[in-house]
Amino acid sequence: MSPGKHHSYHLTERQSIIELTWPRPPKQPKATRKGRKLRLLHCRPDPGSPESCVNPEDFSAAVKILDQQDVELAISAFTGLGYEVTIRTLR
């Protein structure tokens with residue numbers, strides 16, 4: 001699984017949902033047309049996006065922690081990567 005702007009995981013043993021949201025980057029001056037075209041031509045993600053800021057291996061390791069249902073450690077791992085974490089209980 002690769003890093004993205006929004007992820008949602010249902011933890012069946014804990015009856016809760018963990019939602020990950022990538023914070024919006026601070027407003028930057030608009031990129032020039034030439035800059036946007038060059039980024040599209042080179043298939044580069046937007047600066048400040050999770051695709052460019054988060055290491056996919058680190059993200060996969062944090063997801064494996066979730067698979068073990070260790071919520072506290074997973075929250076720590078995802079916030080360390082830069083995500084905002086929200087937990088909703090289903091009870």
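The values are calculated or read from the model by the stated rules, or taken from the named source; none is laboratory data. In this text, all values refer to a predicted model and were calculated from it rather than measured experimentally. Using ideal geometry, Cβ is built from the backbone for each residue, glycine included, and neighbour counts are taken over all protein chains shown. When the accessible area is computed, the model is the full protein with side chains, heavy atoms only, and any ligands, DNA or RNA have been set aside. Shrake-Rupley method; radii C 1.70, N 1.55, O 1.52, S 1.80 Å.
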Total residues in segment 56-69, condition open to solvent by 20 Å² or more (accessible area, probe 1.4 Å) and free of Cβ contacts under 8 Å to residues at least 40 places away in the same chain: 7
Among the numbered criteria (1) assigned to a helix (DSSP H, G or I); (2) modelled with pLDDT of 90 or more; (3) not hydroxyl-bearing (Ser, Thr, Tyr), which single criterion is violated by Leu20? (1)
